[in-house]
Every structure is written in structure tokens, then in C-alpha cells.
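One structure below.
The values are calculated or read from the model by the stated rules, or taken from the named source; none is laboratory data. What you see is a predicted model; the values in this text were computed from it and never measured. So basically every Cβ, Gly included, is an ideal-geometry build from the backbone, and we count neighbours across all protein chains shown.
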Amino acid sequence: MVQSMSAPGRFLEDVLRRCGLIDGYAVVQSPIGAVYAAMGERGITAVMEASSETEFEGRYRERFGRRVERRDQLSAELQNAMQRGSRAKVDLSECNPFQRAVLEATRRIRPGTVRPYAWIAREIGHPGAVRAVGTALAKNPVPLIVPCHRVVRSDGETGEYALGADDKVRILEHEGVHVPELRRRVTMHEFWSPEGDDTFCYPFCFSEPQLHGRHFRKFQTPQEAVRLGLTPCETCHPPLAA
Ligand SMILES: [Zn+2]
């Protein structure tokens, strides 16, 4: 009797799984310790901290409206995605178009470098929406993979983080960012061009190793750089005129 009751239940579970209505998760290692990572048919859906599997499963269902189950066979794939970071395939279908634009711009920030919230706002064509950028990043479903920890406040403070403000500093340090130096460079109102290069950048475009032993020409306004025939860097997109 028990058999005949549970067989249709298992069948239903299989159908739900095949239709992508039950996602899978595993516990993976990150620079801030073990975290829960989940994936569905279209890629990584979530990275979260939780005190137990039950808590994670409950929060997941509440947020995404789908069930998630532990699948240890996903461990290697999810761990690999953590290593690949922003190159891993993510499923951002739960996000609205504004959030997606914010997360896609964030994805392009290279390890060891940071951007102010205001930079993201300009980059996505909504220069006045700095606060909304902060909100979108705080709701990033896949922190560590879409590197929202690389977005900081314009006053140089590291600011809020989806996984906790202290962890943000720890992850940045793990990526080789010298946080006091970063604070200084984010607040500079000047533009830098590596000597011998024909482009100019925001000072926060460079990682610590890129700064090492290099000399820069420095400008108070982008116009000064443009007058010398320099073009805006294609990574940090400084303006042509301030
Ligand atoms: Zn640049």
C-alpha cells in the first residue's frame, strides 16, 4: 500500500525536476567559507549563506517560488562556477530589467579593481539612479559570482553587501585589493594615463599589480587628456568632458 502511494509521488517529483521546477544545490567553498549555491536549467540561480539546509531551502522557496533540493552530484560543477566567477553561467530571470542591467555591468568589473555605485549608474544610462543601483546590488541573487563586492561608495567606503559588510572587505582583500589605497583612489577627481599608453582612465581602473612600477600622467579634467590625443579607456569609460 505504501509502495502504491509513494510511486506516483516519485513520478511527480521526477517530472517536476525534468521541467526545471525543482532546482538543485550543494555546499561550496568561497573566500568567506562555506556557502550554499543553487542551479536550475538555465544556470546558477543563487548563492546564499544560511545556518542550515532547512533555512536555505525555506529562503530559496520564498524568494524564487520553486523548490530546491540538495544534489551532491552538483558539487563539482557549482564549485567550478565559484572559481569561474563572472564567467559562470547565471540565471538572472528573476530580476527586473534594471537589476539585470546593473548586474551585467557589475559582471564586467575585473578582479582586483572596484567601481563606485555612481559609475554603474552612468554605465547603464541612469546616472541619477545611484541609490537604486545600491538596492539592486543588495538583492544580487548570485553574490561572489556576479561580483557586487567590487562596487563601493563614491566616498571610498566599501558600503553594504549582500552577504554582509565585513565579508565585503574580506573578499576584496582576498582579491588583492589594498582597501585603504582603494578608498583613496575612488575619491580622486582626476584621470590617469599609463606612460606610453594612448588611453586615459579613472584612477580606480587599475589593480595593485597594474600600478606596480608604472608611471602615470595625471589630469584634472578629461578635456586635458583629450587635448593630448588620448582616448577614453574601453574598460572604465571615463567621460570626454567633465
Ligand atoms: Zn580604464
Inside the range 167-193, can you point out the residues that are within 15 Å of the ligand (Cβ to nearest atom) and of a type in the set (Val, Ile, Thr)? Val186
Can you name the number of the only condition in (1) within 14 Å of the ligand (Cβ to nearest atom); (2) touching a helix residue (DSSP H, G or I) at 6+ places or on another chain (Cβ under 9 Å) that Ala241 fails? (1)
Would a scan of the range 200-211 turn up a residue that is touching a Leu at 6+ places or on another chain (Cβ under 9 Å), over 30 Å from Ala81 (Cα atoms) and of a type in the set (A, V, I, L, M, F, W, C)? yes
Among the residues of the range 175-193, how many are closer than 24 Å to Glu157 by Cα and either assigned to a helix (DSSP H, G or I) or modelled with pLDDT of 95 or more (or both)? 11
Would you mind stating whether Cys236 is within 15 Å of the ligand (Cβ to nearest atom), closer than 23 Å to Pro180 by Cα and touching a residue at least 60 places away in the same chain (Cβ under 8 Å)? yes
Answer yes or no as to whether Pro194 is free of Cβ contacts under 8 Å to residues at least 24 places away in the same chain and in the same structural domain as Thr221 (by TED's automatic domain parsing). yes
Unique residue being surrounded by 21 or more Cβ atoms within 10 Å (Cβ to Cβ), more than 17 Å from Arg87 (Cα to Cα) and touching a Ser or Thr at 6+ places or on another chain (Cβ under 9 Å) when the list is Tyr60, Tyr36: Tyr60
Identify the residue in the range 194-233 that is in a strand (DSSP E or B) and surrounded by 20 or more Cβ atoms within 10 Å (Cβ to Cβ) and, among all such residues, is nearest to the ligand (Cβ to nearest atom). Cys201
Condition check: modelled with pLDDT of 95 or more, over 19 Å from the mean Cα position of the chain (by Cα) and of a type in the set (Lys, Arg). Does Arg66 satisfy that? no
Pairs where the first residue, in the range 61-79, is acidic (Asp, Glu) and the second is buried (at least 16 other Cβ atoms within 10 Å of the Cβ), C-beta under 8 Å, 6+ apart: Glu69/Ile22; Glu69/Asp23; Glu69/Gly24; Glu69/Tyr25; Glu69/Glu57; Asp72/Ala26; Glu77/Met39
Condition first: farther than 21 Å from Gly156 by Cα and among the polar types (S, T, N, Q). Now tell me which residues in the range 195-214 satisfy that. Thr199
